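Single-structure report; data block below.
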Amino acid sequence: EEQFNLSDIRFPNGEGSWMNWTDASGKFKVEARLVGRTETHVKLKKTDGSVVEVPIKNLSASLQTKIAKVAKAEKDFVD
């Protein structure tokens, strides 16, 4: 059975759309594109070109919901 990773799904410029990423406290905020995901972390490319990995559990509730939808879509696609 072949596995598909988020990095295999092509977005404009090969990355997700620019958006604001915030943590649950609202103190961490960064404009970035989603470039990868594991079960526990997202990999974000910031506007300065640097890449940071952030634990999904630290993201705001709305972002956690979006990431869960991406994960479900990947799973449904594979299944």
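The values are calculated or read from the model by the stated rules, or taken from the named source; none is laboratory data. What you are looking at is a predicted structure, and each value in this text was computed from that prediction instead of being measured. For the accessible areas, the whole protein counts, side chains as well, though only heavy atoms, and no ligand, DNA or RNA atoms are used. Shrake-Rupley method; radii C 1.70, N 1.55, O 1.52, S 1.80 Å.
Round to the nearest 10 and report in Å² the accessible area of Val70, as given by a 1.4 Å probe over the protein chains' heavy atoms.
Looks like 40 Å² after rounding.
Short version: ³J(HN,Hα) in whole Hz for each residue of region 42-57, in order, from phi by Karplus 6.51 cos²θ - 1.76 cosθ + 1.60 (θ = phi - 60°), x for Gly and Pro, what are they?
With the stated coefficients, region 42-57 comes to 10, 10, 10, 9, 7, 4, 7, x, 6, 10, 10, 9, 10, x, 4, 5 Hz.
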